[in-house]
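These notes concern the structure reproduced below.
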Amino acid sequence: MWIMPTAEPSAPPAASPLRSMASGHRRTAVHLGEPRPRESRMWRILLLSVLLLGLATPVRAEDMPWQACHGAVGPAGPVLSDCHPIQDFVDPQGRELWIRSAVSPPTDARPRVLYMAGVASSEAWLNGQRLGVNGHPGASARAEVPGRYQAIFPIREVVWRPDGNMLVLHLSSFHGGLRFARPMSAIEIGPYPYPGRIAPLAVTFVAAGALLAAAFGFGVIHAMRRTGSSLALAAMAGVASLQAIVESLRTLFDYSYPLHAWRLSTIWVLAATFAILLVTYVAARFLPKARGLMVGLALGVVAATALLPGFDAKTVWALILGVALAAVPAAAGVRRRIPGARPSLAWLALFLALALAFPRWLADLSYFLLAAGLVLPVLMVEVVRLGRDDRGREAALTRAVSRPDRLTVASARGVELVPTAEILAVMGADDYVELRLVGGRSLLHAARLDSLATQLPASFLRVHRSVIANLAQVQRLERDGDRWWLHLSEGAPVPVSRSRQPALREALDVPLPVAVVAA
């Protein structure tokens, strides 16, 4: 028996082993909701064949009804009465529910198990024989013990009858946290063990590892260059890798069903964050004047997906809307012939095409591959550009040797030639120095104070262990208590150490009279 996965809050069909069984055995399907169109099912079969390499092949099965009943556990098993057909889907949320359905016996000797996945505690019987319990269903939150989101109940061969097999489930869900549109994602009787999902899991984790590496690489670039684009790309790669990991948790860990709401909420938040970061990056690169407008629009549109029913819809539409908005500045970049705009727009168009063709697969697999396909080439381009900039900086430093009236300043943004006459003072800070310039500007320079003391012209004098002052910019030397301060033409005064006062007084004696003010 196979219940078609119509649950919105669950992962896409191929993400769960409960939904994919090896071909070659008979299965019977029970639809808890409205059947999917035949065309949609054909698309799913095609995608499963291409991406999962035949590991899971959906089989069209016979529809059978569920019945809801009044029930209780008797000496010989469950006792049901007043049964009536379920017209919609099975929903145990906020109540205790007994359901039953006739199932067909297996046609071979392979062992069978009952697979269940959903937001509920559960207990199962087949032909009056108890198969197992997941948590403990109850009539109230106090009486219920929450079970696992996924459960496997073995079925002994002696339990089966030639015909007239009846499966009975006792369900309750009082600890879900949120109300789900489709709380039960799968109930399936199939062979054991079920086929593994090594290939798709391996692809997902390779993509996650590549994205984490890209996040680290862009983080290093941001630390060196302090560029907004590298920070946005690092965040995008990190968010996508985290979502790949969270998406795989249901396969890797047997968590309790109350945590499912937190997992799905996290997936949506990460998808929405990626979409907003994508718009931010593309707008900043190809349409910077409209960056604020595009980011504000993305925040509003992506946040509105929280109002959609079902977490699958929230996640998929957050990604689709983010990519669609990012395509606008990318198209503007193509029109303005900005380098990199054309491949970016092509990537976004591919993302949208796959999302619209296979929406239930977007968040499960293709999203991570496409995210990696975006950030990894950009990372390689950034590394090449970084090397080119370093070579340009070295050339600028070489040319600057012949310019004694200028100081070559190596900062995070590149190389700048600063006229020494515009330097008020040089403030030491470990392996870096701060240049205080005329006009209130300042620059960080990757050099030590000791080496600069020998490079600067004679008009510069070290007046403190952490200060070199430009004597041409001095106004007066002033005492304040036990401390001495050197006032420059602008900005805050700099400290003067006692041991360096004689040299300073001698240098200032003729060209600049010293005003000494007693404390």
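Any read-out appearing in this document is the output of simple, stated calculations on the displayed coordinates, not a laboratory observation. Every value quoted in this text rests on a predicted model; they were computed, and no experiment measured them. All Cβ positions, even for glycine, are placed from backbone atoms using ideal geometry, and neighbour counts span all protein chains on display.
Spin-label model, LEU297/ASP480: points 7 Å from Cα along the beta carbon direction are separated by 5.3 nm.
Sequence-ordered 3J(HN,Hα) estimates for the range 184-191 from the Karplus curve with 6.51, -1.76 and 1.60 and θ = phi - 60° stand at 9, 8, 6, 9, 8, 9, x, x Hz, glycine and proline given as x. With contacts taken as Cα pairs under 8 Å at a separation of at least 6 residues, the range 224-365 carries a relative contact order of 23 percent.
Go through 415-423, 496-504 and give me the packing order, highest mean Cβ count within 10 Å leading. Intermediate results must be reported in sequence, preceding the final value.
Working: 415-423: 16.0, 496-504: 14.2.
Most protected by this proxy first, the peptides run 415-423, 496-504.
The order of the peptides 257-267, 232-242 by mean Cβ neighbours within 10 Å, most packed first, is 232-242, 257-267. Rounded to whole numbers, the Karplus 3J(HN,Hα) couplings from phi for the range 75-92 are x, 9, x, x, 10, 10, 8, 6, 7, 8, x, 8, 7, 10, 9, 6, 9, x Hz, using 6.51 cos²θ - 1.76 cosθ + 1.60 with θ = phi - 60°, and x at Gly and Pro.
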